[in-house]
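Structure record follows, encoded as structure tokens.
Read the figures in this text as sums done on the coordinates, not as results from a lab. Just so it is clear, the structure is predicted and the values come from calculations on it, not from any experiment. Cβ: placed from backbone, ideal geometry, glycine included. Neighbour counts: every protein chain shown.
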């Protein structure tokens, strides 16, 4: 399973804003953006102004890093979004939001998408009553995502839910007692609260 293995805080510093890649740490003074709010590298403090292409590239990189996908995966999502009816940029973000690891995070079961990915990969969740260990699985309207009764993550998930760092979006329904969430509808652009200008990504891939 391919994934980024280097320091996560460097990614936030490179984009110049919090991407909330490390869960609770991002809400403390230990956050890299709070301590060193400039790009990593020897010349981080002396980088010049971005070109139009550079701005588009940074938006694409930001979206990839928020959702934890690599270039080949991201390009595949874009191709799917382009083939669907509607606005390509919004279709792209909708597909990324419907990933199972993201849904686990949005429901509050995981402090970050990275933690949600690990929980799913280790088989702690089931979809519609069946064990699933594929973080990239795209859920559908009506699907029920629930913590397995045999999982040893009960205490950890209780801590995450009780922390309440983010509000569960309207397209999801949470039953915190049963550790269960249901996909009520497809997410709209207003429901996807991430700092990404998706139109710039479309322009980049349309060159």
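Hey, with R₀ at 45 Å, roughly what FRET efficiency would residue 152 and residue 84 work out to, going by the Cβ-Cβ distance, to 0.05? In this case the efficiency is close to 0.70. A Förster radius of 41 Å combined with the Cβ-Cβ distance from residue 52 to residue 191 puts the calculated FRET efficiency at roughly 0.90.
Provide, for q = 0.19 Å⁻¹, the log10 of I(q)/I(0) from a solvent-free Debye sum over equal Cα point scatterers in segment 99-185. One equal scatterer on each Cα of segment 99-185 leads to -0.73.
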